[in-house]
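The values are calculated or read from the model by the stated rules, or taken from the named source; none is laboratory data. Source: prediction; values computed, not measured. Positions of Cβ are generated from backbone atoms using ideal geometry, with glycine treated the same way; all protein chains shown enter the neighbour counts. Side chains included, ligands, DNA and RNA excluded: accessible areas come from the protein's heavy atoms. Shrake-Rupley method; radii C 1.70, N 1.55, O 1.52, S 1.80 Å.
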Amino acid sequence: MTAAGVIRGTTSDRRVVIPLLRRLRSAEGQANPLPVWEDFRALGEVVPAPWGGYFVTGFELCNQILRGRNWLVPDFAWQERQPDPARWQDPATREMTRTLSRLNPPVHTFRRRALGNLFGRDTLDALRPHIAAHAARLLDRLEAELHTHGEADFVATVADQLPVHTVGHWLAIPAEHYPHILDFTHRQVHAQELIPTKSELAISAQATLEMRAFFTGLVARRRTRPGNDVLSEWIRYWDAQYPDDRAAADQMLYDLTMFITIASLETTATLLANLVWFLTQEPARADWLRRHPEHVDDAIEEALRYDPPIHLNSRFAAEDTVLAGVPVAKDTTVHVLYGAANHDPRRNPQPHVFDIRRKGGHLTFGGGAHYCLGTMLARLEARLLLTRLLERFPTLRPTGRPTYANRMVFRRITSLKVTS
Ligand code: HEM
């Protein structure tokens with residue numbers, strides 16, 4: 001330990017993490033990533049990655065990187081400076097690199113300011129009755145399936161549906177498009193893996209074409225029939241910013257609408273499915289929460305801490321620096337491991353215990369300039385759904401373990417079978 005209480009990087013072997021990455025991506029690692037995070041943490045605070053960057057495992061150091069002005073997101077300019085720029089040329093990666101999550105100041109600052117507080121009190125108040133009503137309808141459907149088949153898939157029936165209905169309602173997208181939106185979102189995400197395979201990139205490229213066609217069409221239709229919705233507001237704003245350049249305004253509107261939609265779907269669905277899995281696998285937990293509904297928000301924060309829907313995020317060093325004693329050269333990437341950080345015992349004692357009353361800290365929504373814009377919406381969906389679910393399904397329990405997509409970065413529960 002250093003004077004600051006930080007464990008230094010301990011290994012210089014860049015290959016040592018390869019088996020850990022394989023495990024993290026495997027069905028076993030996805031079903032239980034905790035031992036993999038432990039093994040990462042045991043290697044040190046700053047662990048070399050095979051491709052030249054570093055994984056960062058400790059809570060405080062991850063927090064410092066996310067909030068630090070000297071750490072930037074890998075943007076187009078960074079990609080062009082890499083020895084293998086072709087690695088970033090596929091259409092799905094390029095599409096994502098234009099979004100907010102891959103922009104740096106001053107462009108990022110300007111675009112984010114233009115959005116303002118997306119989910120302020122008035123917006124949430126307006127959305128609340130709709131989300132509550134839709135959660136109730138999805139739970140009716142769950143009840144009907146349990147009644148007919150004795151078992152239901154919580155993910156397909158509820159967890160995947162509530163986020164798409166919520167964001168769809170907010171953007172005034174007709175419900176008939178929701179299955180297609182869900183489908184291309186699941187396929188597009190491969191390109192955001194750490195080392196996507198060629199076949200994954202091909203799947204993402206096709207999904208990107210569909211995504212582009214859908215959202216450019218949506219923006220074009222809304223232009224002809226603007227309303228009181230948020231997309232119509234954005235159209236008015238960006239048209240005023242680019243009065244002589246309709247194509248530039250359209251590109252901006254596409255990037256924004258597409259990214260906010262897809263950013264809100266799998267992440268929130270994983271949170272909702274995780275909540276049900278963590279609470280119902282031990283009926284005493286769900287019973288306790290039913291008797292103490294004032295702790296519903298604490299249960300949501302603990303689920304976010306315990307199993308973050310996004311496993312890792314990347315930044316690069318804007319200048320030469322030193323991280324926990326490890327020299328990191330300008331342009332080197334670091335991968336912040338949210339799960340390992342949230343399970344750092346120096347921040348959250350007994351981190352592997354799911355403790356609703358913990359009041360712990362987590363980095364699940366990131367931090368600093370890129371801090372998630374949808375935190376309040378995700379929390380509202382979770383609160384409204386969980387409150388109703390606890391009231392209506394006192395004996396709900398899983399019939400087996402959830403299944404997961406084989407991915408490393410964006411976690412996805414593909415199925416969670418439940419009975420009552
Ligand atoms: C449980 C649900 C969610 C989780 C775990 C989550 C997590 C994250 C994370 C880790 C980041 C990156 C932060 C960073 O780089 O420091 C992020 C960014 C973002 N999220 Fe979320 N998110 C969730 C829900 C949502 C929702 C519901 C929306 C919108 C409706 C949303 C919109 C965004 C946007 C637009 C960004 C980019 C912000 C920027 O780069 O400036 N997210 N989210």
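What FRET efficiency do you get for Ala77 and Gln350 if R0 is 51 Å and r is their Cβ-Cβ distance, rounded to the nearest 0.05?
0.75
Of the beta bridges DSSP finds with both residues in the chain, what % are antiparallel, to the nearest 5?
Once the DSSP bridges in the chain are tallied, antiparallel ones form about 90 percent.
How much accessible area does Glu176 have with a 1.4 Å probe, in Å² rounded to the nearest 10?
140 Å²
Taking 7 Å along the Cα-to-C-beta vector as the label spot, tell me the Ala133-His180 distance in nanometres, rounded to one decimal.
2.5 nm
Using r as the Cβ-Cβ distance of Phe110 and Asn70, and R0 as 25 Å, what FRET efficiency do you calculate, to the nearest 0.05?
After rounding to 0.05, the efficiency reads 0.80.
Leaving ligands, DNA and RNA out of it, rank Phe110, Phe278 by accessible area with a 1.4 Å probe, largest first.
Largest accessible area first, the residues go Phe110, Phe278.
What does the helix-only formula give at 222 nm for the chain: each DSSP H stretch with n ≥ 4 adding -39500 (n - 2.57), the total divided by the residues, and the result rounded to the nearest 500 deg cm²/dmol?
Numbers: 17 runs with 220 residues, N = 420.
Computed mean residue ellipticity for the chain: -16500 deg cm²/dmol.
Give me the distance in nm between label points sitting 7 Å out from Cα along the Cα-to-Cβ direction at Thr123 and Asp229, one decimal.
Here the modelled spin labels are 1.5 nm apart.
Could you compute the FRET efficiency for Asn32 and Arg397, with r as their C-beta to C-beta distance and R0 at 22 Å, rounded to 0.05?
On the way: r = 19 Å, r/R0 = 0.87.
In this case the efficiency is close to 0.70.
How large are Rg and Dmax for the stretch 273-347 when only the alpha carbon atoms are used, in Å?
Final numbers for Rg and Dmax: 18.1, 53 Å.
Using a 1.4 Å probe, what is the accessible area per residue for the stretch 293-348, in Å²?
With all protein chains present, the stretch 293-348 gives 30 Å² per residue.
Can you give the accessible area of Asp298, probe radius 1.4 Å, in Å² rounded to 10?
30 Å²
Explain nothing, just the number: dipole magnitude of the chain about its Cα centre with +1 on each Lys and Arg Cβ and -1 on each Asp and Glu Cβ, in debye rounded to the nearest 20.
320 debye
Out of Leu21, Leu272, Leu386, any idea which swings most in a Gaussian network model of the chain, alpha carbons joined below 10 Å?
Result: Leu21 has the largest fluctuation of those listed.
Run down the aspartates and glutamates and flag those whose C-alpha is under 14 Å from the C-alpha of Lys359, throwing out any fewer than 8 positions away in its chain.
Within the straight-line cut-off, Lys359 pairs with Glu294, Asp297, Asp298, Glu301, Glu302.
Starting from the Cα-Cα distance between Ser12 and Glu60, subtract it from 0.36 nm times their residue separation and give me the gain in nm to one decimal.
Values: separation 48, 0.36 × 48 = 17.28 nm, distance 2.15 nm.
Full-extension gain reported as 15.1 nm.
With the crude spin-label approximation of a point 7 Å out along Cα→Cβ, what separation in nm comes out for Glu210 versus Thr414?
Here the answer is 1.6 nm between the modelled labels.
Would you please classify the overall shape of the stretch 18-419 from the alpha carbon gyration tensor, given that a ≥ b ≥ c denote the square roots of the eigenvalues, rounded means a/c under 1.5, and beyond that prolate means a/b larger than b/c while oblate covers the rest?
Oblate, since a/c reaches 1.5 and b/c is not below a/b.
Return the single residue from Ile235, Ile181, Ile18 with maximal mean-square fluctuation; model: Gaussian network over the chain, springs between Cα atoms under 10 Å.
Checking each option, the largest mean-square fluctuation is seen for Ile18.
Which whole-number value in Å² is the accessible area per residue of the stretch 37-90, probe 1.4 Å?
Roughly 44 Å² per residue, with all protein chains present.
May I ask you to give the percent of accessible area on the stretch 111-180 that is carbon plus sulfur, with a probe radius of 1.4 Å? Let's see the in-between values first.
Numbers: 1630 of 3290 Å².
Answer for the stretch 111-180: carbon and sulfur cover 50 percent of the accessible area.
GNM on the chain, C-alpha springs below 10 Å: top fluctuator among Ile131, Ile65, Ile203?
Residue with maximal mean-square fluctuation among Ile131, Ile65, Ile203: Ile203.
Determine ³J(HN,Hα), in whole Hz, for all residues of the stretch 198-209 in sequence, where each value follows from phi through the Karplus function 6.51 cos²θ - 1.76 cosθ + 1.60 and θ = phi - 60°; x replaces Gly and Pro.
4, 5, 5, 5, 5, 4, 5, 5, 5, 4, 5, 4
Which aspartates and glutamates does Lys330 reach when only Cα atoms under 16 Å apart count, and residues fewer than 8 places away in its own chain are ignored?
Asp75, Glu80, Glu319, Asp320
May I ask you to compute the full-extension gain from Lys198 to Tyr242, defined as 0.36 nm times their residue separation minus their alpha-carbon distance, rounded to one decimal in nm?
Residue separation times 0.36 nm, minus the Cα-Cα distance, leaves 12.1 nm.
Which whole-Hz ³J(HN,Hα) couplings does the stretch 383-388 yield from phi under the Karplus relation 6.51 cos²θ - 1.76 cosθ + 1.60, θ = phi - 60°, glycine and proline marked x?
So the J values, rounded to whole Hz, are 5, 5, 5, 5, 4, 5.
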